[in-house]
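Participant: This is the structure, below, for whatever I ask next.
The values are calculated or read from the model by the stated rules, or taken from the named source; none is laboratory data. All values reported here derive from a predicted model rather than from experimental measurement. For neighbour counting, all protein chains shown are included, and Cβ atoms are generated from backbone atoms with ideal geometry for every residue, glycine included. In case anyone asks, the SASA skips ligands and DNA or RNA and just uses the protein heavy atoms, side chains included. Shrake-Rupley method; radii C 1.70, N 1.55, O 1.52, S 1.80 Å.
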Amino acid sequence: MKNVKPYVSYVVWYFAGLFLLTLVTNWACARELVNYRLLFEAFWKNLQMVPKEGNLPAFRILLVRLLETLFAVWLGRFHQKNGEIQLALCFVGGVTGLMASWFTWNTGVLGILVFLMLVLPHTCFYVVVWLLLLARNRYGSDIRRFRLWIITVALLAMGIWTELVIHPFLIRLAAGIVL
């Protein structure tokens, strides 16, 4: 990797989105502009139904993760021409801040733990895949294409397996903490 500056910029954009939407979420919840308790109850009701649906979530998860990966490939083609990568990272950071704040408003300090239980196991694999694809498109042939796709498919498979097997267990555990 020849130039580290784009990655520093990526981290800054991610945390800028995280900070901004965390502030907005806390402001909206503190002023009771949204009924965060009602939204939280609906979220848990829908989340607890997911492990009971059978194979339909597996197909849905596979489709969503493949679309996200294709989006990362497409996004990596821009080479920072118009700021699409920065906006996408700002959006992802914002969603992270929104969800963490929302969980904290509803469950207190345990909200951060519950949030991490719900997003960490499988997201670790997906983030590595997306960063590899962005790095491949950013720096050209430093990463060989065949090896990249083998690693991408393997990490995606591990992430999907984690989301299908470990994630339902963590949902039940988190529901026991929250409810």
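Participant: For residues that are hydroxyl-bearing (Ser, Thr, Tyr) and modelled with pLDDT under 80, scanning just region 129-159, find the one that is nearest to the chain's Cα centre (by Cα).
Facilitator: From region 129-159, those hydroxyl-bearing (Ser, Thr, Tyr) are 139, 141, 152; that's our starting set.
Pick out the ones that are also modelled with pLDDT under 80 and you get 139, 141.
Values: TYR139: 24, SER141: 27 Å.
Here the answer is TYR139.
Participant: Determine if region 114-128 includes at least one residue that is at pLDDT below 80 and over 19 Å from the mean Cα position of the chain (by Cα).
Facilitator: No, because not a single residue in region 114-128 is at pLDDT below 80 and over 19 Å from the mean Cα position of the chain (by Cα).
Participant: TRP27 passes all but one of (1) open to solvent by 70 Å² or more (accessible area, probe 1.4 Å); (2) at pLDDT 80 or above; (3) within 19 Å of the chain's Cα centre (by Cα); which number fails?
Facilitator: If we test TRP27 against (1) open to solvent by 70 Å² or more (accessible area, probe 1.4 Å); (2) at pLDDT 80 or above; (3) within 19 Å of the chain's Cα centre (by Cα), just (3) comes out false.
Participant: Still on this structure: Could you check region 60-84 and list, in sequence order, the residues that are open to solvent by 80 Å² or more (accessible area, probe 1.4 Å), at pLDDT below 80 and either under 16 Å from HIS122 (Cβ atoms) or polar (S, T, N, Q) (or both)?
Facilitator: Matches in region 60-84: ARG60, ASN82.
Participant: Which of the residues that make up region 30-42 are open to solvent by 100 Å² or more (accessible area, probe 1.4 Å) and part of a helix (DSSP H, G or I)? Give the steps one after another, and end with the answer.
Facilitator: In the first step, residues of region 30-42 are kept if they are open to solvent by 100 Å² or more (accessible area, probe 1.4 Å); the result is 31-33, 37-38, 41.
Of everything in region 30-42, those that are open to solvent by 100 Å² or more (accessible area, probe 1.4 Å) and part of a helix (DSSP H, G or I) turn out to be ARG37, LEU38, GLU41.
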